[in-house]
Amino acid sequence: MTVRVVIADDQTLVRAGFAALLSAQDDIEVVGEAVDGAEAVALCGRLLPDVALMDIRMPVLDGIEATRRIAADPRTQSVKVVVLTTFELDEYVFEALRAGAIGFLVKHTEPAELVRAVRVAAEGEALLSPGVTRRLIAEFATRTRPGPDRDALAVLTEREREVMGLVAEGLSNEEIAERLVLSPATARTHVSRILLKLGARDRTQLVVLAYESGLVRPRWQE
């Protein structure tokens, strides 16, 4: 399967560099480039790419609002948005993850990591850099406006809360299965039910909700 990608960045050299790198891969096709968030939203609506690489700071419409619009539109909800940032611990990245981005990459990432991240995102896997993403969310979740109350998780069973906590630790379905002595298929079913019950798009959204609701606490508060 060919992964179709839209690149949104107001810096011409950045777009050109990413496009050249990704287009050189046999299984990746760059189908569009946008210079601002508004154009990115329009391109995603028209082209329906598998992945959108989205810069955060852009004119007209920033990457956070563009991500929010893409995630909210039923036509583009299947587009996996990966936000691009200069700094790992960036509060704007947290807002983008909250808005619906599946993960993020720093702009100085290694070429091979960028290619791998696009492929992983296309497969629907969240948390492209699990440790860094989890640390970022833990860093900012308790500093921003109040998030969902813990009662928001009342629809979950005790087992589902346990599974959600492990997702927030960055564990894969296989690792969750091993930790809880379940089959991988059962772990996947639990995660799918949690996503459905909470109306979350992906595992990244579950991590955000886990910290915001207080189900998981940053280590310095334990």
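The values are calculated or read from the model by the stated rules, or taken from the named source; none is laboratory data. Only a predicted model underlies this, so the values are computations on that prediction, with no experimental measurement involved. Glycine also receives a Cβ, built like all others from the backbone with ideal geometry; neighbour counts cover every protein chain displayed.
Could you look through region 41-67, keep only residues that are in contact with a Lys or Arg (Cβ under 9 Å, 6 or more places away or on another chain) and in a helix (DSSP H, G or I), and pick out the one that is surrounded by the most Cβ atoms within 10 Å (Cβ to Cβ)? Out of the qualifying residues, it is Gly63.
State whether one or more residues within region 69-91 are polar (S, T, N, Q), surrounded by 23 or more Cβ atoms within 10 Å (Cβ to Cβ) and touching a strand residue (DSSP E or B) at 6+ places or on another chain (Cβ under 7 Å). Step through it out loud before you land on a result.
Initial filter on region 69-91 (polar (S, T, N, Q)): 76-78, 85-86.
This time we only want the ones that are surrounded by 23 or more Cβ atoms within 10 Å (Cβ to Cβ), so: none.
Checked region 69-91: no residue is polar (S, T, N, Q), surrounded by 23 or more Cβ atoms within 10 Å (Cβ to Cβ) and touching a strand residue (DSSP E or B) at 6+ places or on another chain (Cβ under 7 Å).
Residues in region 24-40: is at least one closer than 20 Å to Arg201 by Cβ, part of a helix (DSSP H, G or I) and not polar (S, T, N, Q)? Reasoning before the result, please.
Going through region 24-40, the residues closer than 20 Å to Arg201 by Cβ turn out to be 37, 40.
Among the residues that remain, those that are also part of a helix (DSSP H, G or I) are: 37, 40.
Adding the requirement that they be not polar (S, T, N, Q) leaves 37, 40.
Yes: region 24-40 contains one or more residues that are closer than 20 Å to Arg201 by Cβ, part of a helix (DSSP H, G or I) and not polar (S, T, N, Q).
Pick out, from region 87-183, the helices (runs of 4 or more DSSP H) lying fully within it that include 2 or more residues that are modelled with pLDDT of 80 or more. Outline the logic, then answer.
Working: elements: 91-99, 111-122, 130-141, 158-168, 173-180.
In region 87-183, 91-99, 111-122, 158-168, 173-180 are the helices (runs of 4 or more DSSP H) which contain 2 or more residues that are modelled with pLDDT of 80 or more.
Going by what's in this entry, would Met1 be described as under 20 Å from the mean Cα position of the chain (by Cα) and either farther than 14 Å from Gly100 by Cα or of a type in the set (Phe, Trp, Tyr) (or both)? Answer is no for this residue. With the structure loaded, tell me whether Arg75 is farther than 22 Å from Gly170 by Cα, part of a helix (DSSP H, G or I), touching a residue at least 12 places away in the same chain (Cβ under 8 Å) and of a type outside the set (Ser, Thr, Tyr) or whether it fails that test. Here the answer is no, as Arg75 does not meet what is asked.
Taking residues in region 1-26 that are without any contact (Cβ under 8 Å) to a residue 40 or more places away in the chain and under 25 Å from Leu61 (Cα atoms), and partners anywhere that are crowded, with 16+ Cβ neighbours inside 10 Å and not aliphatic (A, V, I, L, M), the pairs with Cβ atoms closer than 8 Å and at least 6 places apart or on different chains are Arg15/Asp9; Arg15/Glu33; Ala19/Glu33. Taking every residue in region 153-176 that is closer than 12 Å to Leu195 by Cα and pairing it with any residue that is among the charged types (D, E, K, R) and crowded, with 19+ Cβ neighbours inside 10 Å, at least 6 positions away or on another chain, the pairs with Cβ-Cβ distances below 9 Å are Val167/Arg203.
Ala187: among the small types (Gly, Ala, Ser) and at pLDDT 90 or above, yes or no?
In short, yes.
Quick check, is Gly17 assigned to a strand (DSSP E or B), over 19 Å from the mean Cα position of the chain (by Cα) and more than 19 Å from Val120 (Cα to Cα)?
Values: assigned to a strand (DSSP E or B): no; over 19 Å from the mean Cα position of the chain (by Cα): yes; more than 19 Å from Val120 (Cα to Cα): yes.
No; evaluated as a whole, the condition is false for this residue.
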